[in-house]
Amino acid sequence: MTSATNSDPLDFLSNSVPGSSPGGPQADLIQLLLYEIIRVKELIKYYESIPNGAGQLGASILQELVSEAYQSLVNYDTILMKKYYDLLLNCD
């Protein structure tokens, strides 16, 4: 599922070297939250693929968290951004 070359979907946000880790010294809360949103969106796809609808509850909960995290970014509410970063960081 992952390729040999790790392309950073958020390279346009920083001047980092391609393939560097998102937690580098230049990373800020917005960038870290965006990485977590991308990661959790992949989890949502996984939960939705579980047979017989067994993952639908998990997928809908994660989708709601992602939506609220996006809203915190749109409103530039740093307190909520930190909250949703912490919540998304612990999703698995």
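The values are calculated or read from the model by the stated rules, or taken from the named source; none is laboratory data. As the structure is a prediction and not an experimental result, all values here were calculated from the model. Ideal geometry is used to build each Cβ from the backbone, glycine not excepted, and the neighbour counts take in all protein chains shown.
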Result of the Cβ filter at 6 Å on region 59-85, keeping first residues that are within 22 Å of Tyr47 (Cβ to Cβ) and partners that are β-branched (Val, Ile, Thr) and at pLDDT 95 or above, at least 6 apart or interchain, is Ala59/Ile44; Leu62/Val40; Leu62/Ile44; Gln63/Ile44; Val66/Ile37; Val66/Val40; Ala69/Ile37
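How many residues are in contact (Cβ under 8 Å) with a residue 40 or more places away in the chain and within 8 Å of the chain's Cα centre (by Cα) if we restrict to region 33-44? Give the derivation first.
Of region 33-44, the ones in contact (Cβ under 8 Å) with a residue 40 or more places away in the chain are 33, 36-37, 39-40, 43.
From what is left, the residues that are within 8 Å of the chain's Cα centre (by Cα) are 33, 36-37, 39-40.
Selection size over region 33-44: 5.
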I'd like to know if region 20-27 contains one or more residues that are hydrophobic (A, V, I, L, M, F, W, C) and either modelled with pLDDT of 95 or more or not in a loop (DSSP other than H, G, I, E, B) (or both).
no
